[in-house]
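Following: one structure in structure tokens, then a few remarks.
Read-outs throughout are calculated quantities, based only on the coordinates presented, and are distinct from any laboratory measurement. Nothing here was measured: the structure is a model prediction, and the numbers come from that model. So basically every Cβ, Gly included, is an ideal-geometry build from the backbone, and we count neighbours across all protein chains shown.
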Amino acid sequence: MTQSSIFSRILTGDIPGEIVHQTDRVFVLNDIAPQAPVHLLVIPKTDQYANVVELAAGDPGLLAEMVATARELVPGDFRLIFNTGEGAGQTVFHVHAHVLAGELPEGSLGER
Ligand code: AMP
């Protein structure tokens, strides 16, 4: 039996995490170790896809929803990063998009 990912455990409330937004299929966390003024993680609620290659093959619509969520939350320009594989720095094998950007307009994501 595989263990739930750390992100699934945050979603179920088993461990603390700062969920700033969610829809039926994705949720968004503030990264605990931010690398930019805005560093969000956009994560599918399902943990069945380990990385973006699996997700693109298995559910491209869900991948598109992740991108649309980043677009919705960050009004300006942003970087979207999917670390894919241990050698590329992936540490959590539940697909997630890093969304990196400068400061957001005040109030865009609620209290931060
Ligand atoms: P990656 O290295 O691409 O797999 O990204 C995993 C990310 O999850 C890292 O940027 C971590 O800082 C972040 N992270 C790990 N634990 C938490 C947590 N409890 N809440 C928010 N972000 C986390």
Model label zone, T84; criterion: amide N under 13 Å from point 7 Å along Cα-to-beta-carbon; scope segment 41-75: 50-58
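Counting DSSP beta bridges with both partners in the chain, what percentage is antiparallel, nearest 5?
Working: 16 of 17 bridges.
In the chain, approximately 95 percent of DSSP beta bridges are antiparallel ones.
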Taking each pair of distinct Cα atoms in the chain once, what is the resulting Kirkwood hydrodynamic radius in Å? 14.3 Å
Added length on full extension, which subtracts the Cα-Cα distance from 0.36 nm per residue, A50 to I19: 9.1 nm
Rg to Rh for segment 37-88: what is it, with Cα atoms only and Rh by Kirkwood? 0.97
Please work out whether segment 1-61 counts as rounded, prolate or oblate from its C-alpha gyration tensor, where a ≥ b ≥ c are the square roots of the eigenvalues and a/c under 1.5 means rounded, while otherwise a/b larger than b/c means prolate and anything else oblate? oblate
Sorted on mean Cβ neighbours within 10 Å (highest first), peptides 83-89, 44-50, 29-35 come out as 44-50, 29-35, 83-89
Whole-number percent relative contact order across the chain, with pairs defined as alpha carbons under 8 Å at least 6 apart: 30 percent
